[in-house]
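FYI, it's all coordinate maths here, none of it is from the lab. All values derive from a computational prediction rather than experimental measurement. So basically every Cβ, Gly included, is an ideal-geometry build from the backbone, and we count neighbours across all protein chains shown.
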Amino acid sequence: MKKLFTAALVTLAFAGAHAQETKVAIGMSGWTGFAPLTLAKEAGIFKKNGLDVSIKKIPQKDRHLAVASGDIQCAATTVETWIAWNAAGVATTQIFQLDKSYGADGMVVKPGITKISDLKGKTVAASAPGTAPYFTLAWMLKKNGLSPKDVKIVNLEPQAAANAMIAGNKDIDAAMTYEPYLGAVRAKPEAGKIIATTLDYPMIMDTFGCTPKFLNDNPKAAKALADSYFEAVEMIAKDPKKSFEIMGADVKQSGDQFEASQKYLRWQDRAANQKFFAGEHAAFSKEAADLLLEAGVIKAIPDLTKLADTRFLK
């Protein structure tokens, strides 16, 4: 009888713990920098920290619509994208940094184009305004005396843009893409040359954020999301082979292929996060907001002081 009573208590305790898991839906893409979130889910880190996470692959151009509809509560995207979302009335707040690109985002050009300023009047494949590839294009053009108005932009997502270059599409002179798709271009130099990356223009940084309502209603879950990410980064350092295999499988890559892809970025641990949000985030957001306004992506700059909540980094 005592054994039965104890078993019942254990069952109830387990059920109670399970019931306490906070459900959260995250919107992201197959971008290499977001992969520790996949690792946190697949390796059971989220679950261990009391979270019931579902990950939804949503193109960056549509991710804010999923937030606005309530389909997802949190998302991963580039720092400047949160500015565009908030400017469009989709209230979201960043709570931790995921990665910094070190050559993982780039511009691929056809042979014959030797510098970015040669693109004037040419056709460039890039995602829609409000996405990282479009912003990267605008940033690189501005640093070379041009603007998006000086080129013809064909909206293609990063994978399709890379594939167009590899296929030798005659109508496209250049393309904006990122890892793991940029790696496919690296493997076929005859498809075009990578004329510039974030090593030349360090301006792609990814962060994770949620709606203010979710953060206010679920502060413990928000802290658990941040902690889980940092645990996943620690797991990569401790067991890289297993981690690369798990993260690679999500984007149909082998562990070795994924390992090669991740060499072009740096995941950010807790200490790096605290340093980033102490000043760099605000300074970059200001410069990015000015460029987004100039490029016509946003009509007004939102309140930049509401774009980050650092209380979950401790």
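Under 14 Å from the Cβ of Thr131, count the other residues' Cβ atoms, weight Lys and Arg +1, Asp and Glu -1, and hand me the total.
Numbers: positive: Lys61, Arg63; negative: Asp62, Glu80, Asp105, Glu157, Asp206.
Surrounding charge for Thr131 is -3.
Two decimals is fine: what's Rg over Rh for region 168-283, C-alpha atoms, Kirkwood radius as Rh? Intermediate results must be reported in sequence, preceding the final value.
Numbers: Rg = 17.7 Å, Rh = 17.1 Å.
That ratio equals 1.04.
Would you work out the relative contact order for region 105-197, in percent, from Cα pairs under 8 angstrom that are 6 or more residues apart?
Reported as a whole number, the value is 45 percent.
With each label point set 7 Å from Cα along the Cα-Cβ vector, what nm distance links Lys242 and Arg270?
So the label points at Lys242 and Arg270 sit 2.1 nm apart.
Rank the residues Met176, Met235 as a footprinting-exposure proxy: fewest other Cβ atoms within 10 Å of their Cβ go first.
Details: Met176 27, Met235 18.
Lowest to highest Cβ neighbour count: Met235, Met176.
Please rank Trp267, Trp31, Trp139, fewest neighbouring Cβ atoms within 10 Å first, as an exposure proxy. Intermediate results must be reported in sequence, preceding the final value.
Numbers: Trp267 22, Trp31 27, Trp139 19.
Least crowded to most crowded, the residues run Trp139, Trp267, Trp31.
Calculate the FRET efficiency for Phe284 and Lys47 from the Cβ-Cβ distance with a Förster distance of 45 Å, rounded to the nearest 0.05.
Computed FRET efficiency for Phe284 and Lys47 comes out at 0.85.
Hey, what's the Kirkwood Rh for region 69-145 if you take every pair of different alpha carbons, in angstrom? Walk me through the numbers before you get to the answer.
Values: mean 1/r = 0.0679 Å⁻¹.
Mean inverse Cα-Cα distance, inverted, gives 14.7 Å.
For Lys48, list the lysines whose Cα falls under 16 Å from its own Cα; do not include residues on the same chain fewer than 8 positions away.
Straight-distance partners of Lys48: Lys23, Lys220, Lys223.
What is the extension gain from Asp118 to Leu304, computed as 0.36 nm multiplied by their sequence separation minus the C-alpha to C-alpha distance, in nm to one decimal?
Between Asp118 and Leu304, full extension yields 63.5 nm more.
Counting only Cα, what are the radius of gyration and maximum Cα-Cα distance Dmax of region 105-197, in Å?
Both quantities, over Cα of region 105-197: 11.4, 31 Å.
Compute log10 of I(q)/I(0) for the chain with the Debye formula, placing one identical point scatterer on every Cα and leaving out solvent, at q = 0.10, 0.12, 0.14, 0.15 Å⁻¹, to two decimals.
So the normalised log intensities work out to -0.57, -0.79, -1.06, -1.20.
When the Karplus curve 6.51 cos²θ - 1.76 cosθ + 1.60 is applied with θ = phi - 60°, which whole-Hz ³J(HN,Hα) does each residue of region 134-146 get, with x for Gly and Pro?
5, 5, 4, 4, 4, 5, 5, 5, 4, 5, 10, x, 10
Taking 0.36 nm per residue of separation and subtracting the Cα-Cα distance, what length does fully extending Glu294 through Ala167 add? Please list the in-between numbers first.
Numbers: separation 127, 0.36 × 127 = 45.72 nm, distance 3.36 nm.
The span from Glu294 to Ala167 would gain 42.4 nm if fully extended.
Could you identify which residue out of Ala271, Ala300, Ala35 has the top mean-square fluctuation in a GNM of the chain using Cα springs shorter than 10 Å?
Comparing Ala271, Ala300, Ala35 in the GNM, the peak value goes to Ala271.
Can you list the residues, at least 5 places off or on another chain, whose amide H is less than 5 Å from the amide H of Tyr102, using H built in the peptide plane?
Those lying under 5 Å, H to H, from Tyr102 are Leu265, Arg266.
Could you work out the relative contact order of the chain? I mean the mean sequence separation of Cα pairs under 8 Å and 6+ apart, divided by the number of residues, in percent.
Working: 545 pairs, mean separation 83.5, N = 314.
Relative contact order comes out at 27 percent.
Do the sum for the chain: with -39,500 (n - 2.57) for every DSSP H run of n ≥ 4, divided by all residues, what is the mean residue ellipticity at 222 nm, to the nearest 500 deg cm²/dmol?
On the way: 14 runs with 140 residues, N = 314.
-13000 deg cm²/dmol, from helical runs alone.
Would you kindly state how much longer the chain becomes between Lys56 and Asp150 on full extension, computed as 0.36 nm times their sequence separation minus their alpha carbon distance, in nm to one decimal?
Values: separation 94, 0.36 × 94 = 33.84 nm, distance 3.54 nm.
Stretched fully, the Lys56-Asp150 segment lengthens by 30.3 nm.
Provide the convex hull volume over Cα atoms per residue for region 159-209, in Å³. Please report the intermediate quantities before stating the final value.
Details: hull volume 4.9 nm³, N = 51.
So the per-residue hull volume is 95 Å³.
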